[in-house]
Amino acid sequence: AKEQGRGRYAFFDPQINARNQRNMRIKVGLNDALERDELYLVYQPKVLSGGAVCGYEALMRWHSHELGLVSPAEFIPIAEASQALESMTVWLLHQVGRDLQKKPLKGLQVAINLSPRQFQSGSWVDALREVLEEYHLGPEQFCIEVTESALVESFNTTVAQLSEVQALGVEVAIDDFGTGYSSLEYLKRLPIDYLKIDRSFVRDIGTDADDRIIVQTIILLAHSLGLKVVAEGVETAEQAEFLGQQACDELQGYLFAPPRRLENLGDTAVKRQ
Ligand code: C2E
Ligand code: CA
Ligand code: CA
Ligand code: CA
């Protein structure tokens, strides 16, 4: 059976081949996505439990002339592996700067996502400083979202970079909290302001008692460490109600608003609870 199993891989697998080809086209397409002006940003609000917007998350979108709209879940890992993400992030920071100049969003904070690999070079720190200066923005207008895996992959440099921007007044959030490896021991020593509860725990709040306990525990843990908590992927009124009861500080999800282009962000976008 082993022989057979091994032999199978030698044969042409049309599915794997199609995937490789698509990945290759994405990789090549990303090379000139910036020059072709194919990237744009969408903003998803974060709301307080009463429904008032308290901040936004900027999410990258790529509309390729060849492949159409490609999901960031697909292109970000490829961009990360090919170094293209470095210049895409510089573009993103400047685009947020331009956007905030055009539409100040009442001075509310915009969170941006960084991938683990970006903490190897750390070039985003200078880009962020430059943007703050160039567009006359306060550091409190920015929040950096980083997953636990960045801390696992290169703990010291990640902590150093996060401490540097936090000292400026930029906030830091741990994204997808609960899905990675997090040592509670170093959680208290990290330069962070927020924990962002992963959507997978929020999704089953209504049906899974374990997930309710996990969510409750994360909120208690965060608060006892002096951190704020955001829940992502809130889709139902029941989820929002439970999270409100648990004193979750901020909520984000389709229940309130999907990510939208800057022009389409209005005060009416948010549904009152
Ligand atoms: P993420 O940072 O965890 O972002 C949340 C994702 O959940 C976004 O998907 C958002 O559109 C989606 N979402 C928001 N509310 C709901 C909801 O109620 N239900 C459901 N099912 N989904 C919801 P998106 O924009 O497709 O981004 C996917 C991932 O791609 C992000 O996950 C993030 O890891 C990455 N990403 C997106 N933009 C950037 C970027 O500019 N830089 C980096 N490094 N990564 C990015
Ligand atoms: Ca995020
Ligand atoms: Ca997240
Ligand atoms: Ca997520």
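Quick notes
- Residue pairs whose Cβ atoms lie under 6 Å apart, sitting 6 or more positions apart in sequence or on different chains, and linking a residue in region 141-167 that is closer than 16 Å to Leu93 by Cβ to a partner that is of a type in the set (Asp, Glu), are Cys143/Glu171; Glu145/Asp175.
- Residue satisfying condition, being open to solvent by 10 Å² or more (accessible area, probe 1.4 Å), touching a Pro at 6+ places or on another chain (Cβ under 9 Å) and of a type in the set (Gly, Ala, Ser), within set Ser163, Ser200: Ser163
- There is at least one residue in region 37-47 that is away from ligand 1 (no atom under 13 Å from the Cβ) and under 26 Å from Arg117 (Cα atoms).
- Matching strands (runs of 3 or more DSSP E) fully within region 40-124 where at least 2 residues are under 15 Å from the mean Cα position of the chain (by Cα) and touching a residue at least 60 places away in the same chain (Cβ under 8 Å): 53-64, 109-113
- For the residues Met60, Met24, the requirement of being away from ligand 1 (no atom under 14 Å from the Cβ) and hydrophobic (A, V, I, L, M, F, W, C) singles out Met24.
- Scoring Ile219 on the criteria (1) within 30 Å of Arg61 (Cβ to Cβ); (2) touching a Cys at 6+ places or on another chain (Cβ under 6 Å) leaves a single failure, condition (1).
- Residue pairs whose Cβ atoms lie under 8 Å apart, sitting 6 or more positions apart in sequence or on different chains, and linking a residue in region 170-181 that is within 12 Å of ligand 4 (Cβ to nearest atom) to a partner that is in a loop (DSSP other than H, G, I, E, B) and among the basic types (Lys, Arg), do not occur here.
- Matching residues in region 24-60 - criterion: being acidic (Asp, Glu) and within 16 Å of ligand 4 (Cβ to nearest atom): Glu57
- Looking only at residues in region 198-220 that are outside any loop (DSSP other than H, G, I, E, B) and farther than 18 Å from Gly253 by Cα, the one that is nearest to the chain's Cα centre (by Cα) is Ile218.
- Close pairs (8 angstrom Cβ cut-off, 6 or more residues apart or separate chains): at positive phi and away from ligand 3 (no atom under 11 Å from the Cβ) in region 191-203, open to solvent by less than 30 Å² (accessible area, probe 1.4 Å) and of a type in the set (D, E, K, R) anywhere: none
- Scanning region 110-136 for residues that are away from ligand 3 (no atom under 16 Å from the Cβ), among the small types (Gly, Ala, Ser) and open to solvent by less than 20 Å² (accessible area, probe 1.4 Å) yields Gly122, Ala127.
- His63 falls short on exactly one of the conditions (1) open to solvent by 50 Å² or more (accessible area, probe 1.4 Å); (2) out of contact with any strand residue (DSSP E or B) (no Cβ under 7 Å at 6 or more places or on another chain), and that condition is (2).
- Residue match in region 137-159 (condition: open to solvent by 20 Å² or more (accessible area, probe 1.4 Å), on the phi > 0 side of the Ramachandran plot and not in a helix (DSSP H, G or I)): no
- Scanning region 228-260 for residues that are under 17 Å from Thr179 (Cβ atoms) and out of contact with any helix residue (DSSP H, G or I) (no Cβ under 7 Å at 6 or more places or on another chain) yields Val230, Gln252, Gly253.
- Against the numbered list (1) more than 15 Å from ligand 1 (Cβ to nearest atom); (2) crowded, with 17+ Cβ neighbours inside 10 Å, Tyr186 comes up short only at (2).
The values are calculated or read from the model by the stated rules, or taken from the named source; none is laboratory data. Keep in mind that this is a model prediction, so the values were computed, not measured. In this analysis, Cβ positions are derived from the backbone assuming ideal geometry, glycine residues included, and neighbour counts consider all displayed protein chains. With ligands, DNA and RNA removed, areas are computed over all heavy atoms of the protein, side chains included. Shrake-Rupley method; radii C 1.70, N 1.55, O 1.52, S 1.80 Å.
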